[in-house]
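Quick notes on the structure that follows.
The values are calculated or read from the model by the stated rules, or taken from the named source; none is laboratory data. Because the structure is predicted, anything quoted here is derived from the model rather than measured. Reconstructed Cβ throughout: ideal geometry from the backbone, glycine too, with neighbour counts over all protein chains shown. Heads up: the accessible areas ignore ligands, DNA and RNA and are worked out on the full protein's heavy atoms, side chains in. Shrake-Rupley method; radii C 1.70, N 1.55, O 1.52, S 1.80 Å.
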Amino acid sequence: MEQVTQLDFRGQKIFAGIDVHKKSWKVSLRNEQMELRTFSQNPSVKELSDHLLRNYPRADYHVVYEAGFCGFGYQREFSDYGINCIVVNPADVPTTDKEKHRKSDTVDCRKLGKTLSEGTLKGIFIPGVEQQDDRGIIRFYQQMVKDQTRFKNRIKGWLNFQGIIISGDADRYWSNNFIRWLKELSLTPSAKINLDLLIQGYEQARGMVLAATKQVRALSRQGRHLRSIELVRTIPGIGEITALLMVTEIGDINRFPTLDALCGFVGLVPNTHGSGDKENVMGLTNRAHHQLREKLIEASWVAVRLDPALTMAFNGYVKRMKKNKAIIKIAKKLLNRIRFVMKQQTRYVTAVVK
């Protein structure tokens, strides 16, 4: 009688690095000693899970893929199958110069699997589904505001090209009277069509901004965010929309053990390059949550006028540095206030020096 060997990988770890695409995945499997195999498959969590269970039963599975177009859906699906899965920032994956110049799906998935097996990869924060969807609303609002600004700039650029001068500051508020003036300009038939198309695009973008603003304000008044937003808004310079952005993007403030960790997330840390005894500081790091950083700096310019403690600090900074550098230090202080309010769940007291 033929003897059948029962596979049992209990106590062993199997690592899978996945290069994710819409139509296919490139997967590299390895254990702690060596690469096992590299193959292509359909973009299916179930298909990979079945493969692991069939070929390496009872092993401890670990999966990694890079953050990108597919979001966190695959990570959640792997978790539902009981498989440990992390999502990494592509910039955190160690890459050699040779790999940069000979990039392929096979190279990428092998690199992910190898670094995962070495324990050198750290996954990014995975928001809950509700937090992710709330983020989507505020991010859509910000995108619509940018689209509206682009159409304004296109119209003003077109007017400049045509030699049409806007009197005074009529374009400051883009009122209905200003739009009416644009529509009534005396132009050639082709120029009239061109301007009408630009105005139509602007009006559509403005309508989307108004619709998105209503949804953002409605979201900020929902029970799950109401208390946190009310507390953050007690800080001078923080309005309703900025407060909602802070609450939804930061999420659980306790995931940042220190102020430095929170500053690193927002991007309020310097971009440095050191060699030997020399160290060059080249402004703020490009690795940042750009929306949060922009809003925080905007709020800081308001806060320095409303909070005497920040006014005093700002006046001290500008004696030895430029204003645009001083405001970054104020932004850090403002972020510290936001962190304190969210951690302690207490209202901010104006004019606190620390």
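Does region 219-354 come out rounded, prolate or oblate, given a ≥ b ≥ c as the square roots of the eigenvalues of its C-alpha gyration tensor, rounded meaning a/c under 1.5 and, failing that, prolate meaning a/b above b/c?
Values: a/c = 2.14, a/b = 1.42, b/c = 1.51.
Oblate, because a/c is 1.5 or more while a/b does not exceed b/c.
Got a sec? Charge dipole of the chain, +1 on Cβ for Lys and Arg, -1 for Asp and Glu; which of SER40, ALA91, ALA16 is way out at the positive end?
About the Cα centre, the residue reaching furthest to the positive side is ALA91.
So how strong a dipole does region 89-185 carry about its Cα centre when Lys and Arg Cβ are +1 and Asp and Glu Cβ are -1, to the nearest 20 debye?
Around 340 debye, computed over region 89-185.
With every protein chain left in place, what is the accessible area per residue of the chain in square angstrom, probe 1.4 Å?
Roughly 58 Å² per residue, with all protein chains present.
Give the accessible area for GLU99 in Å² (nearest 10); use a 1.4 Å probe, count only protein heavy atoms, and leave out ligands, DNA and RNA.
Result for GLU99: roughly 50 Å² accessible.
How about LYS22: which lysines have a C-alpha closer than 17 Å to its C-alpha, ignoring those fewer than 8 places off in the same chain?
Once the sequence-local lysines are set aside, what remains near LYS22 is LYS46.
Picking from VAL266, MET246, LEU310, whose Cα lies most toward the positive end of the charge dipole for region 221-324 (charges on Cβ: Lys, Arg +1; Asp, Glu -1)?
Value computed over the given set: LEU310.
Just need the relative contact order of region 116-264 here, percent rounded to a whole number, with Cα pairs under 8 Å and 6+ apart. Don't jump to the answer; show the numbers that get you there.
On the way: 71 pairs, mean separation 48.8, N = 149.
Relative contact order here is 33 percent.
Structure shown: which of LYS23/LYS103; LYS156/LYS192; LYS152/LYS332; LYS26/LYS103; LYS156/LYS322; LYS295/LYS325 lie over 21 Å apart, alpha-carbon to alpha-carbon?
LYS152/LYS332; LYS156/LYS322
Could you work out how far apart the two model spin labels at HIS101 and LYS23 are, taking each label as a point 7 Å from the Cα in the direction of the beta carbon, and quote it in nm?
3.0
Okay, helix-only estimate at 222 nm for the chain: each DSSP H run of n ≥ 4 adds -39500 (n - 2.57), divide by all residues, round to 500 deg cm²/dmol; what do you get?
On the way: 13 runs with 189 residues, N = 354.
Counting only the DSSP helices, I get -17500 deg cm²/dmol.
At each listed q (0.13 Å⁻¹), what is the log10 of I(q)/I(0) that the Debye formula gives for the chain modelled as equal alpha-carbon point scatterers?
Debye curve over Cα of the chain, log10 I(q)/I(0) at q = 0.13 Å⁻¹: -1.16.
Tell me the angle of helix 240-250 to the major Cα principal axis of the chain, expressed in degrees between 0 and 90 and rounded to the nearest ten.
20
So for the chain: antiparallel DSSP bridges make up what percent, rounded to the nearest 5?
Restricted to the chain, the bridges split so that about 60 percent are antiparallel.
If you build a Gaussian network model of the chain, linking Cα atoms that sit under 10 Å apart, which residue out of ASN286, ASN160, ASN31 swings the most?
ASN160
Nothing charged except the Cβ atoms of Lys and Arg (+1) and of Asp and Glu (-1): what's the magnitude of the dipole of region 27-105 about its Cα centre? Round to the nearest 20 debye.
180
Please report, in debye to the nearest 20, how large the charge dipole of the chain is about its Cα centre when each Lys and Arg carries +1 at its beta carbon and each Asp and Glu carries -1 there.
Magnitude of the dipole: close to 1380 debye.
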